[in-house]
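Novice: Please see the structure below; I have some questions.
The values are calculated or read from the model by the stated rules, or taken from the named source; none is laboratory data. This one's a predicted model, so the numbers in the text were calculated from it and none came from an experiment. We place every Cβ from the backbone using ideal geometry, glycine too, and count neighbours over all the protein chains shown. Accessible surface is based on the protein model in full, side chains and every heavy atom, while ligands, DNA and RNA are left aside. Shrake-Rupley method; radii C 1.70, N 1.55, O 1.52, S 1.80 Å.
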Amino acid sequence: AKVSVMDHDGGAKGPGAVAPACRPARDYYPMAIVWCPLPGLSWLVPAIGHLGMSASDGTLYDFAGSEYVRHSKSRLAFGPVCKYIRVDAAELHAVPRGADAVAAWDTAVAHANAAYEQLDHNLLCNNCHDHVAHTLNALQYRGSRNWNTLTLTVHFALHSRYPSACRALYIWLPFVLVVGLLAALGALP
């Protein structure tokens, strides 16, 4: 039988432990990959945004600039969580059978944070997506060690969830307005 990890009050842990469920209405995303739009850039291409991840206690971590990994209980560097993917501990293939996958996740997140606090940020090849990929590769998430900016962008486009209709509008309304404005100005065919 699985043992549940309580919210963040030092609950049960051990082999078979699972992190608590995500509660989007409370901006609580334990053991998840999280995303928010980048103002300006996401208005033009809504699939492009800022990525982070959370520990099992729900603390969000995102590589927000050179030698800076931000942490928060409810927001990423560029805004609230607008899409998320819950990480299933059973999909962490580098964790030995019977080991505590939740503790392994938290350790991998901490190692990625420590590594990226020493690195310069680069928009194209050393960015927030690479920070998350570092953790996913270490744990062979979904059996892969090939996570990168492109694979995470595609994975997020196909498998993420919106916390609410308002957060979906937060992503898509600026894009619709930009496209509508361009169409009205005759800039689109």
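Novice: Would you look at the GNM of the chain, springs on alpha carbons closer than 10 Å, and say which of His50, His159, His134 moves the most?
Specialist: His159
Novice: Using a 1.4 Å probe, what is the accessible area per residue for the stretch 104-165, in Å²?
Specialist: Per-residue value: 52 Å².
Novice: Given Cα positions, please report Rg to Rh for the stretch 95-189, the hydrodynamic radius being the Kirkwood one.
Specialist: Using Cα coordinates only, the ratio equals 1.13.
Novice: Continuing with the same structure: Mind ranking Trp105, Trp43 by accessible surface for me, highest first, 1.4 Å probe? Mind dumping the intermediate values first?
Specialist: Values: Trp105 0, Trp43 115 Å².
Ranking Trp105, Trp43 by accessible area, largest first, yields Trp43, Trp105.
Novice: Work out the length of the dipole vector of the stretch 93-189 about its Cα centre, built from +1 on the beta-carbon of each Lys and Arg and -1 on the beta-carbon of each Asp and Glu, and round it to the nearest 20 debye.
Specialist: 380 debye
Novice: Which value, in Å² rounded to 10, gives the accessible area of Thr151 with a 1.4 Å probe and all protein chains present?
Specialist: 50 Å²
Novice: Another question, then. Where the centre of each part is set by its Cα atoms, how far does the stretch 30-78 sit from the stretch 118-189, in angstrom?
Specialist: Each part reduced to its Cα centre gives a spacing of 10 Å.
Novice: Cα-Cα pairs above 22 Å in the stretch 22-96: how many percent?
Specialist: Every Cα pair in the stretch 22-96 considered, those over 22 Å come to 26 percent.
Novice: Any idea of Phe78's accessible area? Nearest 10 Å², probe 1.4 Å.
Specialist: Estimated to the nearest 10 Å², Phe78 gives 90 Å².
Novice: How much of Asp120 can a 1.4 Å solvent probe reach, expressed as accessible area in Å² and rounded to 10?
Specialist: 100 Å²
Novice: For the stretch 123-189, what relative contact order do you get, as a whole percent, if you take Cα pairs closer than 8 Å and at least 6 residues apart?
Specialist: 19 percent
Novice: Given a cut-off of under 8 Å on Cα pairs at least six residues apart, what relative contact order in percent is computed for the chain?
Specialist: Value for the chain: 22 percent.
Novice: Net charge within 13 Å of Leu136 by Cβ-Cβ distance, Lys/Arg positive one each and Asp/Glu negative one each, not counting Leu136 itself?
Specialist: Spelling it out: positives minus negatives among the neighbours equals -1.
Novice: Then there is this: Taking 0.36 nm per residue of sequence separation and subtracting the Cα-Cα distance, how much length would be gained by fully extending the chain between Ala103 and Arg26, in nm to one decimal? All intermediate terms of the calculation are to be shown ahead of the outcome.
Specialist: Values: separation 77, 0.36 × 77 = 27.72 nm, distance 2.34 nm.
Length difference between fully extended and current span is 25.4 nm.
Novice: For Lys83, Lys73, write out the residues from largest to smallest accessible area, computed with a 1.4 angstrom probe and no ligands counted.
Specialist: The ordering from most to least exposed comes out as Lys73, Lys83.
Novice: Give the ranking of Glu67, Glu91 by solvent-accessible surface, highest area first, calculated with a 1.4 Å probe.
Specialist: Descending accessible area places them as Glu67, Glu91.
Novice: Multiplying the sequence separation of Leu177 and Ser74 by 0.36 nm and subtracting their Cα-Cα distance, what value in nm do you get?
Specialist: Details: separation 103, 0.36 × 103 = 37.08 nm, distance 2.72 nm.
Length gained between Leu177 and Ser74: 34.4 nm.
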